[in-house]
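Please read the structure below before turning to the comments.
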Amino acid sequence: MSSIIPKFFKVTQLKSTIAVPIKKKQTLQRLGLHKRHQVVYQKITPQQAGMIASVKELVKVELSVEEKSKDQLREERKSDPGFVVVSKRR
Amino acid sequence: MIGPFRATLVDLGGLLWKRPWRLSSTQKFRQRKRMQRVDSNIENLFSGLQANGLKTHKIDQLKYQFPKEADMDPKDKYTVFNKHAKGYRKAAHFVPKWTKLSLRNNPDNF
């Protein structure tokens, strides 16, 4: 059961920080968000939840069991090429 | 009517309101989508904390006191209180940065 309990908030910034109050902009920066459609994982704690709640109109929050690295996220976005490279010519 | 004397809004002169007094149906649709996203964010924050045996006052308040999109009247979704407006209400899109704000609560006794 323990693997099903979510441990991370997956936060995606959807709205730009242009013309939002400086406090909200700083909150997004403290969460590690600098541009739209950027994804960060935050540990589930009351402090993080409060920070995310103060910018709830600008982001999308999902629950995640594991934290994914930037490389993993990039790998997931790649399309299926339809072939497998078996070996390369020397 | 075609020609130099055609009756267009610009030719007739006077004041041309660029912003309609009420939201269009697509603006209302997008407003609902934004509100639903905020609702789901609150729900996820609450259930994430709950699953880990945690709670905090701010999230509890948002979960139980903050009006949900599904429970709100259309009047409250698309208009806001304004003391200068006729009938004390104006359309939500006249509020600066209205797509980045939650305009859900009316003033007390209104």
Under 15 Å, Cα to Cα: Lys pairs in chain B, sequence gap 8 or more or different chains: 13
Directionally averaged shadow of the protein assembly as shown, computed from the convex hull of its alpha-carbon atoms, nm²: 22.3 nm²
J(HN,Hα) series, region B:45-59, from Karplus relation 6.51 cos²θ - 1.76 cosθ + 1.60, nearest Hz, glycine and proline x: 4, 5, 6, x, 5, 4, 5, 9, x, 10, 7, 8, 4, 4, 6
Karplus-derived 3J(HN,Hα), 6.51/-1.76/1.60, for each residue of region B:87-100, Hz, glycine and proline x: x, 6, 9, 9, 5, 4, 6, 8, 7, x, 6, 5, 7, 10
Per-residue HN-Hα couplings for region A:19-28 [Karplus 6.51, -1.76, 1.60; θ = phi - 60°; Hz; x = Gly/Pro]: 6, 8, x, 4, 4, 5, 4, 5, 4, 4
Cut-off under 5 Å, modelled amide H: who pairs with B:THR79 long-range: B:ALA92
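By count of other Cβ within 10 Å, fewest leading, how are A:SER54, B:SER25 ordered?
Details: A:SER54 15, B:SER25 7.
In order of increasing Cβ crowding within 10 Å: B:SER25, A:SER54.
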Ascending count of other beta-carbon atoms within 10 Å, so fewest first, for A:SER69, A:SER64: A:SER69, A:SER64
Calculated on alpha-carbon atoms, Rg and Dmax of region A:20-80 in Å: 12.9, 42
Amide proton proximity set for B:ARG89, modelled H, under 5 Å, gap of 5+: B:ASN82
Whole-number percent relative contact order across chain B, with pairs defined as alpha carbons under 8 Å at least 6 apart: 24 percent
A:VAL59 long-range amide H proximity, modeled H, under 5 Å: A:LEU14
Whichever lysines have a C-alpha closer than 25 Å to that of A:LYS70, once near sequence neighbours (fewer than 8 apart) are set aside: A:LYS7, A:LYS10, A:LYS15, A:LYS24, A:LYS25, A:LYS35, A:LYS43, A:LYS56, A:LYS60, A:LYS78
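Each reported figure results from applying straightforward, stated rules to the coordinates on display, with no laboratory input. This structure is a prediction, so every number in the text was calculated from the model and none was measured. Backbone-built Cβ (ideal geometry, glycine too); neighbour counts: all protein chains shown.
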